[in-house]
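Written below as structure tokens is the structure these notes are about.
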Amino acid sequence: MRIGTISNFRDDVQGMFDRVAGFGLEATQVAIWDMTKYTDENAAKVKKASADSGVAIAAIWSGYSGKIRWNFIEGPITLGIVPESTRRQRLEDLKKGADFALKVGAPAIITHCGFIPENMTDYTYGPFCDAVYEIGSYCKERGLGFWFETGQETPVVLLRTITRVGLDNLGINLDPANLIMYGKGSPCDAIEVFGKYVRNMHVKDGIPPVDGDKLGKEVQVGQGAVNFPRLLPRLKEMGFDGDLIIEREIAEGAEQNKNILETVENIRKWWK
């Protein structure tokens, strides 16, 4: 088990990795939303910075182009590869992410696939599963995993989708705060549903929505509803030994640095 942080890609690649190393951490997920950053030059920079800093690349968090809204109103028609109008372009975007992951030696790409239909008889569910099969197969051919970040779907829907698609390189990047913030379930209950597929985890906390149109709120780890002292030991019991990637969604600076270091200390206490 390694502890790390998520890093939003920036042109100062070495500085990005040195920042993680400065916390005394071992790994990072590199998040890329700008498709123009998937260049051979940047891949070489990422590989070198990882080697020079001693910070491993836990995964490439692959974004996609087009309109995106993180809410309950427009989210279902703008997020991931669920919306038919943007699906083809976004599959190509994710393939670029997979090619980049291969170049830098990352084990997988991660993304939000969107508001997966709850009703398996919905006419959109079959084509969505076909899309997952396409990108999952593309990753598999390159020796990569394709990992769903939890958020917009219920645990049983995610389990159903992984088993329906049937590829053995599919996995889950568990974001326990998202399950709460989207009102999709309890993280401690969710891992009893899909725990064997969890490959990686965002250490992030949140509180439930209190408005039917707006997501719940992300908060400092330990101050929300996740219950990490229960969640982490149970994951360990289930055999999870993946990376624990801290994600604190406030601007970089003194407060975020303080929160990250506090979270590192707590993880070491909770991982019993």
Checklist entry - Restricting attention to segment 143-150, does a residue exist that is crowded, with 20+ Cβ neighbours inside 10 Å and assigned to a helix (DSSP H, G or I)? => result no
Checklist entry - Are any residues in segment 164-181 out of contact with any strand residue (DSSP E or B) (no Cβ under 9 Å at 6 or more places or on another chain) and either crowded, with 24+ Cβ neighbours inside 10 Å or aromatic (Phe, Trp, Tyr) (or both), and if so, which ones? => result none
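Here's the yes/no breakdown for (1) in a loop (DSSP other than H, G, I, E, B); (2) β-branched (Val, Ile, Thr); (3) surrounded by fewer than 24 Cβ atoms within 10 Å (Cβ to Cβ):
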| site | (1), (2), (3) |
| --- | --- |
| Asp189 | no, no, yes |
| Val193 | no, yes, yes |
| Lys196 | no, no, yes |
| Asn200 | no, no, no |
| Leu232 | no, no, yes |
| Lys236 | no, no, yes |
| Glu252 | yes, no, yes |
| Glu255 | no, no, yes |
| Lys258 | no, no, yes |
Item to check | Residue match in segment 126-133 (condition: touching a residue at least 12 places away in the same chain (Cβ under 8 Å), more than 24 Å from Gly166 (Cβ to Cβ) and not polar (S, T, N, Q)) | outcome: no
Checklist outcome for this item: Scanning segment 151-160 for residues that are buried (at least 21 other Cβ atoms within 10 Å of the Cβ) and touching a Leu at 6+ places or on another chain (Cβ under 9 Å) gives Gly151, Gln152, Pro155
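Could you say which residue among Glu134, Glu149 is touching a strand residue (DSSP E or B) at 6+ places or on another chain (Cβ under 9 Å) and modelled with pLDDT of 95 or more? Spell out the reasoning first.
Numbers: Glu134 fails: touching a strand residue (DSSP E or B) at 6+ places or on another chain (Cβ under 9 Å).
Answer to the check: Glu149.
Conditions tested, residue by residue: (1) touching a Ser or Thr at 6+ places or on another chain (Cβ under 9 Å); (2) at pLDDT 95 or above.
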{"site": "Ile68", "(1), (2)": "yes, yes"}
{"site": "Glu84", "(1), (2)": "yes, yes"}
{"site": "Arg88", "(1), (2)": "no, yes"}
{"site": "Asp93", "(1), (2)": "yes, yes"}
{"site": "Ala101", "(1), (2)": "yes, yes"}
{"site": "Val104", "(1), (2)": "yes, yes"}
{"site": "Ile110", "(1), (2)": "yes, yes"}
{"site": "Asp122", "(1), (2)": "no, no"}
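The values are calculated or read from the model by the stated rules, or taken from the named source; none is laboratory data. Everything quoted here is computed from the prediction, not taken from an experiment. Cβ sites come from the backbone with ideal geometry, for glycine too, and all protein chains shown count toward neighbours.
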